[in-house]
Amino acid sequence: MGTMYKEIICRKKLPAMLLIFCIMLIFILLSDFINNSISGINVICNMFFLALTIICCIVEVYKCGIRYKYSIIADQLIIHKLVGKAQVLVEDIRIVDIHNIGISDKQNKSIKIFNTKKYICSVLGLTNKYCCVYKNNGKYYRFYFEPSKEMVERINSIRQKKEEFNSEISNKFVDKLIKVN
């Protein structure tokens, strides 16, 4: 199976800037409210909210620099975290080990999940988040990510082909066992 597919997602700049603007507006209103209601702590209150605003801006700028690369190579789903020019492998899963993949709100809650991770770049989570549940060493793991519909279709197609191939092999094996006996 010589399947190869790759896509890179990144955080949109406009929603991040709007989020920073809203945070700054809320901090300014809170600072004015506190300064008007409690006199004598104007300088401390202003410094506190200035520090919070700067920290929020730095965090958002850092998050805007994070991208994720989702790749399908043969029967592997590989996810890399890209920060600047650095590339870190965060997931490497055999597609046949994937138990379920779908929109996150419609997942089966009966499976005991050992660990959950997120590989998402959207600011408010308004895009289609997909949830992938896979089995590794007898335990179920879950992660959320934002692939395109084409990528999800390719993953499901590879899973289906592998399942058909495995059932065909097992049927041939059973037939040969029956013939031997």
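The values are calculated or read from the model by the stated rules, or taken from the named source; none is laboratory data. Everything numeric here is computed off the predicted structure, so don't read it as measured data. Every residue, glycine as well, gets a Cβ built from its backbone with ideal geometry; the counts of neighbours run over all protein chains shown. In case anyone asks, the SASA skips ligands and DNA or RNA and just uses the protein heavy atoms, side chains included. Shrake-Rupley method; radii C 1.70, N 1.55, O 1.52, S 1.80 Å.
The table below gives the values:
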read-out: Residue match in segment 101-112 (condition: polar (S, T, N, Q) and at pLDDT 85 or above); value: no
read-out: Residue in segment 71-83 that is under 26 Å from VAL133 (Cβ atoms) and open to solvent by 70 Å² or more (accessible area, probe 1.4 Å) present; value: yes
read-out: Residue among LEU29, LEU14 that alone is over 30 Å from GLU150 (Cβ atoms) and without any contact (Cβ under 8 Å) to a residue 60 or more places away in the chain; value: LEU29
read-out: Tally of residues being open to solvent by 100 Å² or more (accessible area, probe 1.4 Å) and among the hydroxyl-bearing types (Ser, Thr, Tyr) across segment 26-43; value: 1
read-out: Qualifying residue in segment 50-65 (condition: in contact with a Gly (Cβ under 8 Å, 6 or more places away or on another chain) and either open to solvent by less than 50 Å² (accessible area, probe 1.4 Å) or not in a helix (DSSP H, G or I) (or both)); value: yes
read-out: Those residues of segment 1-22 which are open to solvent by 80 Å² or more (accessible area, probe 1.4 Å) and in contact with a strand residue (DSSP E or B) (Cβ under 9 Å, 6 or more places away or on another chain), in sequence order; value: MET4, LYS6, ILE8
read-out: Index of the failed condition, ILE95 passing every other in (1) within 13 Å of the chain's Cα centre (by Cα); (2) buried (at least 16 other Cβ atoms within 10 Å of the Cβ); value: (1)
